[in-house]
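Below: one structure, written as structure tokens.
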Amino acid sequence: MDALNFRMLANAIPQLAWMGDANGGMLWFNDRWLEYTGQTQESSLGWAWQAVHRPDELADTVERWRRSLSTGQPLRKVLHLQGSDGKYRPFLSIANPIRDESGAIVAWIGTHTDITEQVAAEERLRARDRELQALTDTSPDVLARFDRHFRHLFVSSAVTQATNLLPSAFLGKTNRELGMPSDLCDLWEEALGSVFETGTPRSLEFSYTTPAGPCHFASRIVPERDAYGEVENVLAVTQDITARKIAEQAVRDADRRKDEFLATLAHELRNPLAPIRTGLEVLNSTSDAKESERVRTMMGRQLAHLIRLVDDLLDVSRITSGKVVLKKQRIDLREVIDVAVEGCRPFIDAAKHTLTVATPPTPVWVDGDATRLAQVLSNILNNASKYTSEGGRIDLTLQRQDDAAVLQVQDNGYGIPPELLPDVFTMFAQVNRTLHRSQGGLGIGLALVKRLVEKHGGKVEARSGGLGQGSTFIVNLPALLSIDEPNGSPTKPSVRPQSPALRVLVVDDNEDGADLLAMLLEGLGHHSVAVYSGEAALEKAAVFQPQLVFCDIGLPGISGYDVGRALRAHAQLANVMLVALTGWGSEEDKRQSKGAGFDHHLVKPVELAALNEVLAKLSSSDAPAT
Ligand code: ADP
């Protein structure tokens, strides 16, 4: 190309261009340079170009230009040139050597490309990123922008908590380059790729071990489009959903336990019902007194079991809702042992277990609810019997140790695997379920034990050497100081001698229940009549003039409370003893029946001993003469 053509070409391009000799002296500038700088061809020759360079950059530029001149290496640098308006603009400056055939440098040509727009665009991008950073830094979610090669363009600072890496460590890198687990990279690349390809948002869930431990995350990946609607980048918002996952799992577990519990409950309730029904049939068909006696004993045992199941169920709901109020008094734990052993005796005898009971010769006082503590001990004793093979051994000891009263029940039964020991006190837990399924139970007994003991300020502990090694349950209760005379130790419920004949009215809409109770009372030597509604009760009472009324509360029509109030208001029945007989036994229920005029509140199924106590009370009081 001749010199003229070269100049024409050099004047046609938008860049500022120049040509210099081998030593770096300027020979010629194109029109763009002259226009921009305001210099003339003459005034800019040689090294005069320095006048338009920004002073703070000049030394470096001159030094690099000299180096290029001596090495022959091209020069490439971003620098600022002053325009004729006095303002500096950024340029990308490039200088290249021109060589002859022998390779010797004969000249240099160069260009300055105005990059003002590019720099401004980059600054806008940086500003946008800074804004995004400021915005996302306040969020616990991790926000990330990816390019087509799945490299991070932006990551919010929440990423540090999840990975221990600063956001800057992510920039320009893919997950794989960052050393993330390979299966996680596969998952992400597939999802990112699909968003780039289809432009459709995607959701992703994954697990990742953070410095704080294993966590669950959920990500939403959405496309970011350019001005032409093409997917330029994708944005991913990642949320830590560990707490939600744990909560969901807990709900699922609770649901599963509830289902299992209901299945077990149905099974467990049916278990004692079967022998009771068979027993009834045997009683109907046998006239053998000995056999009848045996069947009755067995039916009684099954009934006791059924009642305990239902009691436990009620207790669970009362205790969990905080409704159990302990009736605490100074009690001798030896008496609690007597009551519990008496209750468990039938089961222990049936399994031919040897039970030894070792108690101190002097009272062991605690401040407690005698009934509840007896319940605690009978649950533990019952388990010992349930989970010990026939002919096994159960040792019960009571000791005073410093400030504590220590009850211990040791069996030589099936034992409990050590890793499952902590679970036995959990509600619905049946640790040896597969092993002792046939033993039955609802898995609530020990949960009740624990809560009741804790309500007494004590603690309970299970020990076992493992399967086949037997188990030991130890209850620790705060002991009271020993004094010789207890003030108000509990009286054990006992069957009182039969009282003189009374007129008794039984009111219950469960006709069988009413008739059977009336029959029982007749058997005890009283005159009794059963009616099945509140209306009938009021009618009958007016003529029968009962001294004692057992009245169900949940009656259709006139409720038991109304019956109570009406009878109390009746002039001739002013002295009648009213006993509420109901399935509801909470303090609130008792308060209500008292308010309606009832003297006593018994919970169904009522024990003979309790019945006798009421009868005895009436006989010993100033009851009107028959
Ligand atoms: P369950 O109604 O199943 O007996 P509990 O709450 O009373 O429920 O006991 C929970 C679990 O603890 C039982 O299912 C049983 O696996 C285990 N367990 C309790 N007592 C003993 C014991 N003395 N020996 C062996 N295992 C026992």
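The values are calculated or read from the model by the stated rules, or taken from the named source; none is laboratory data. Keep in mind that this is a model prediction, so the values were computed, not measured. Methodologically, a virtual Cβ is constructed for each residue, glycine included, from the backbone with ideal geometry; neighbour enumeration extends over all protein chains shown. SASA here: full protein model, heavy atoms, side chains in, ligands and nucleic acids out. Shrake-Rupley method; radii C 1.70, N 1.55, O 1.52, S 1.80 Å.
Points to keep in mind about this one:
- DSSP bridge pairs, the chain: antiparallel proportion in percent, nearest 5: 75
- Diffusion coefficient, µm² s⁻¹, Stokes-Einstein with Kirkwood Rh over alpha-carbon pairs of the chain at 4 °C and 1.567 mPa s: 38
- Only one residue of Ala158, Leu125, Val142 has its Cα farthest out toward the positive end of the dipole of the range 121-165, where Lys and Arg carry +1 and Asp and Glu -1 on Cβ, and that residue is Leu125.
- Accessible area of Met427 (1.4 Å probe, protein heavy atoms only, ligands and nucleic acids ignored): about 30 Å².
- Using the Stokes-Einstein relation with a Kirkwood hydrodynamic radius computed over Cα pairs, the translational diffusion coefficient of the range 236-328 at 25 °C and a viscosity of 0.890 mPa s comes to 142 µm²/s.
- Residue-averaged 222 nm ellipticity for the chain, from DSSP H runs of 4+ at -39500 (n - 2.57), nearest 500: -13500 deg cm²/dmol
- Alpha carbon centroid spacing (whole Å) that separates the range 521-539 from the range 544-590: 12
- Taken over the range 290-329, the ratio of Cα radius of gyration to 2.2 N^0.38 Å equals 1.76.
- Rule-of-thumb Rg ratio for the range 32-118 [Cα; 2.2 N^0.38 Å; N residues]: 1.14
- Taking the Cα centre of the range 193-326 as origin and assigning +1 to Lys and Arg Cβ atoms and -1 to Asp and Glu Cβ atoms, the resulting dipole is close to 780 debye.
- Averaging Cα coordinates gives a centre for the range 185-228 and one for the range 301-318; these two points are 54 Å apart.
- For the residues Asp60, Asp403, a 1.4 Å probe over the protein chains yields an accessible-area ranking, largest first, of Asp403, Asp60.
- Computed with a 1.4 Å probe over protein heavy atoms only, the accessible area of Ser378 comes to about 20 Å².
- Relative contact order, percent, the range 241-315 [alpha-carbon distance under 8 Å, six or more residues apart]: 32
- Sites Ala107 and Asp85, calculated FRET efficiency, Cβ-Cβ separation with R0 30 Å, nearest 0.05: 0.45
- Listed residue (Thr209, Met180, Thr198) projecting farthest to the positive dipole end of the range 171-241, Cβ model: Thr209
- Normalised contact order of the chain, rounded percent, pairs of Cα under 8 Å and 6 or more residues apart: 6
- Prolate/oblate/rounded call for the range 557-626, Cα gyration tensor, a/c under 1.5 rounded: oblate
- For the range 507-626, a/c is less than 1.5, where a ≥ b ≥ c are the root eigenvalues of the C-alpha gyration tensor. That puts it in the rounded class.
- Computed over the range 1-154: relative contact order in percent, which uses C-alpha pairs under 8 Å that are six or more apart: 18
- Magnitude of the charge dipole, the chain, Cβ model with Lys/Arg +1 and Asp/Glu -1, debye to 20: 1000
- Cut-off of 10 Å, at most 11 other beta carbons, DSSP loop: longest stretch of the chain lacking such GluC sites (Glu not before Pro): 391-626
- Exceedance of the 21 Å cut-off in Cα-Cα distance is limited, within the set Lys258/Lys459; Lys323/Lys590; Lys323/Lys450; Lys258/Lys328; Lys328/Lys455; Lys290/Lys604, to Lys258/Lys459; Lys258/Lys328; Lys290/Lys604.
- A Stokes-Einstein calculation at 10 °C with viscosity 1.306 mPa s, built on the Kirkwood radius of the range 71-122 over Cα pairs, returns a diffusion coefficient of 125 µm²/s.
- Whether the range 185-343 is rounded, prolate or oblate, judged on the alpha carbon gyration tensor where a/c under 1.5 counts as rounded: prolate
- Of the residues Gly585, Tyr88, Ile13, the one whose Cα sits farthest towards the positive end of the charge dipole of the chain is Gly585 (charges of +1 on Lys and Arg Cβ, -1 on Asp and Glu Cβ, taken about the Cα centre).
- Cα convex hull, the range 117-268: 145 Å³ per residue, rounded to a whole number.
- In the chain, the longest principal axis of the Cα atoms and the axis of helix 289-320 are about 40 degrees apart.
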